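The values are calculated or read from the model by the stated rules, or taken from the named source; none is laboratory data. Small disclaimer: the values here were computed from a predicted structure and weren't measured. When we count neighbours, we look across all protein chains shown, and the Cβ atoms used for this are built from the backbone with ideal geometry, even at glycine. Protein only, heavy atoms only, side chains kept; ligands, DNA and RNA dropped before computing areas. Shrake-Rupley method; radii C 1.70, N 1.55, O 1.52, S 1.80 Å.
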Amino acid sequence: KATMKSLRFLSAEAFVSNAEFARKSLGSVAHNLFPLLFKASYLLEEGELIHDLVENWPLVNFNVGKLLGTTMDYQEDLSHRTCSVCLESCLTGLRDYVLNNPSPCAKRLKVVDLTGIKDVEVQLCKCKKTMGRWARTELLSKLCIELLVHLQQMQCKPPTFEISIDVLIDLFVTERNYELVVQALLQNCYCPLKICCVAFRADNLALQKFFYIIKLTDPSLLRKLEVVHNVRLKMEHLEILFNSIHFPLLMSLTLPARTFNVQRLTATDEMMLTTIGEKMGEMTQLTELSLAFSILTGRIQKLLSPLKTPLKILDVSNCSLNHADMAYLANSFHSNHLEALDLSGHNIPDLYPSTFFKLLSHSSSVLRSLTLEDCNIQDTHVNMLILGLSPCQKLQDFKFLGNPLSSEALKHLFTFLCGLPMLKNVEFPVPTDCYPIDITYPIDDASLCRFDHQRYERIAEELNLILLQANREDVKASTPLFGSYDAAVQETNNELGASLIKSFKETLEKFTASISKMS
């Protein structure tokens, strides 16, 4: 849908579309028009003009998310356009802001905020080249190091070093950009552009390197910490991390698979678990927690009860929760505040149906996102599920891939879903009647694609027709077989793939060596 533009924005577009003239005229442009011109330039992908606007930025703040977000003059939100041309121009313009303006006294810029940039799957920019979070981390680190080299070569007068601009960014570090980011962080106190890490994601990184770099980021400022996939963080390492580093502002914590495994806990391990819970309790801002693929049977209360603030987002998918865990969740003070909940990988209908529905009813007034993938929800459970979901009038996202449901059951469910007023996104499974009769659930990756694709397409059309007839064109229904889009994984999948192959090769070599010894 076309978004209305004000006369001011149309005039700004006309002005920036002649980029050469606009660049020459920037000196005579009123300061309060810079934000308007920036958004117009970004929309038209005028890289050189974006660079010059940032290089001559006359205001105290430069907040990319706000500048590109919904404004009075043009309501379309452009903050999800991670256009490589535009973002590179922003960052090089920032470097040149420090280097090229003659009088440091006239410089007002104090804070640059890059955290409002949203990485999404479909890019609408003309160049079709994106600059994701990993690439932004790399480029900013590179520019900070370049900037210091320039200033030393120019033997800058002290006033240039008096410029101090906080650059708020979500850092994403892997083995491949680790050295560069460390170098930039070590020089942070000398550089006029101060990297302020608000969110930190580590993947494919040795534990020693993770511990080193996390201390360099200034953990007292950190609001979000994601340690994922190829960082081999276990319970004992997590205890060391929480004992040696304080995270007073941390709001969101994601831990890698198998951080916890409570199957064979010693008395020391139990104490360790208690300590971790207590340390998390000291994080008074913590409202988002992801513990996916850890084995936490019977220990959820020990981890979550010390928390002082109710959780808004909780991911305990594939955590082998038992009835006691579900009962704790349903009765805890967290249950009334949960906006997003992931319970995938638990056999909900057989193990704890009533406790689950109690949890659902407690969170129903605020719940926005519910994920129940591979939960053994069958046709006979659909009426019960509809009953449980009925009070969830604020639900926007409902994902239930991997459940053995027939096309008839899905149609029944979709008819109900049409009545949820806020619903925007549904991820539904391939119906059982599209698979061979001998298929067993949960379906392994090898068999996932062994279904009748034409039949599936027909059923998907019928389900979309149900939405259409109820005037719910606003709801997107899909079956992403291998999970939802993850921008961070997408951006670094080549590196992660190579790392997994290397790890597999090492395991194979060890196995072969041990076989050789035996023989």
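Structural remarks
- Subset of the range 198-223 (residues that are in a loop (DSSP other than H, G, I, E, B) and open to solvent by 60 Å² or more (accessible area, probe 1.4 Å)): ASP218, ARG223
- The range 1-27: number of residues that are among the small types (Gly, Ala, Ser) and open to solvent by less than 60 Å² (accessible area, probe 1.4 Å): 5
- Among the criteria (1) in a loop (DSSP other than H, G, I, E, B); (2) open to solvent by 20 Å² or more (accessible area, probe 1.4 Å), the one CYS191 does not fulfil is (2).
- For the residues GLU226, GLU239, the requirement of being in a helix (DSSP H, G or I) and either β-branched (Val, Ile, Thr) or not assigned by the TED database to the domain that holds LYS110 (or both) singles out GLU239.
- Filtered residues of the range 411-457 (kept if assigned to a strand (DSSP E or B) and open to solvent by 20 Å² or more (accessible area, probe 1.4 Å)): ASN425
- LEU360 being in a helix (DSSP H, G or I), among the aliphatic types (A, V, I, L, M) and open to solvent by less than 10 Å² (accessible area, probe 1.4 Å): yes
- Lone qualifier among GLU282, GLU239 - being surrounded by fewer than 16 Cβ atoms within 10 Å (Cβ to Cβ) and either farther than 25 Å from SER220 by Cβ or of a type outside the set (Lys, Arg) (or both): GLU282
- Test result for VAL120, modelled with pLDDT under 95, assigned to a loop (DSSP other than H, G, I, E, B) and among the aliphatic types (A, V, I, L, M): yes
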